[in-house]
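Visitor: The structure follows.
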Amino acid sequence: MTTFQILSIAISCLALFISIITAYNNFYTGFKCELFTQPRIILTQISGMPAIVIACSIINAGRRSGSIDDIVIMLNYKQNATRSVDRYTFFPKLLKDSYNIFETYTQKDFEPFQTISIGEKSKLEKYIVFTAASVSFQPSIGDIAVKLLFRLSGDRKWVSSKNQQNFTIDAESVKLWLNGNVIIESNINYKYRDKLMNEKF
């Protein structure tokens, strides 16, 4: 085998190796989306229905753009009156880039929830308004655990958000929830999210 043939084989192997590495990176860092909820939760009313407003940090560390096609709240509610733990689903209804508790909004100030698009190597924040799927849901004194589940574009599998919010509502909070707004500060560990948010894409 001549030196030229050895060199040609070496170049071909190098090109194949680079192609494999590129394909691997594209496959595993295509659309790499993660969702985190902010600690502040706003309990309010939308069209006479109890609603929850949650600010979400959405991070796509991948090299391909994509979208969150669907998102729901799974709410575990331990009510003091019955000591039972009930589970409720809240569906996304409205979407906004910012939300001020001291302002009065109408539905015209929001856009209907459809999908949330996010570009490659980027991060964004959205305020999402969720309403109870069941008309039987009524706020009462108790402990609440909130978990978000979402589905990415082209995927039927539900993915869980990276954190869970836990808080307690008292009689005054219930009253405010039924008649206006109440701000709740939930307990969340943010170490992993803060690390991602500080990355320069």
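Visitor: Report the net charge of residues surrounding ILE128, where surrounding means a beta-carbon distance below 15 angstrom and charges are Lys +1, Arg +1, Asp -1, Glu -1. List each step's numbers first, then the result.
Guide: Working: positive: ARG40, LYS93, LYS96, LYS126, LYS147, ARG151; negative: ASP69, ASP70, ASP97, ASP109, GLU111, GLU125.
Combined, the nearby Lys, Arg, Asp and Glu give 0.
Visitor: Of LYS123/LYS175; LYS32/LYS108; LYS32/LYS147, which pairs sit farther than 26 Å apart, going by alpha carbon to alpha carbon? Mind dumping the intermediate values first?
Guide: On the way: LYS123/LYS175 36 Å; LYS32/LYS108 32 Å; LYS32/LYS147 20 Å.
Long pairs (Cα-Cα over 26 Å): LYS123/LYS175; LYS32/LYS108.
Only the coordinates and a few stated rules stand behind these numbers; no lab work does. What you are looking at is a predicted structure, and each value in this text was computed from that prediction instead of being measured. Please note: Cβ atoms are built from the backbone with ideal geometry, for glycine as well, and neighbour counts cover all protein chains shown.
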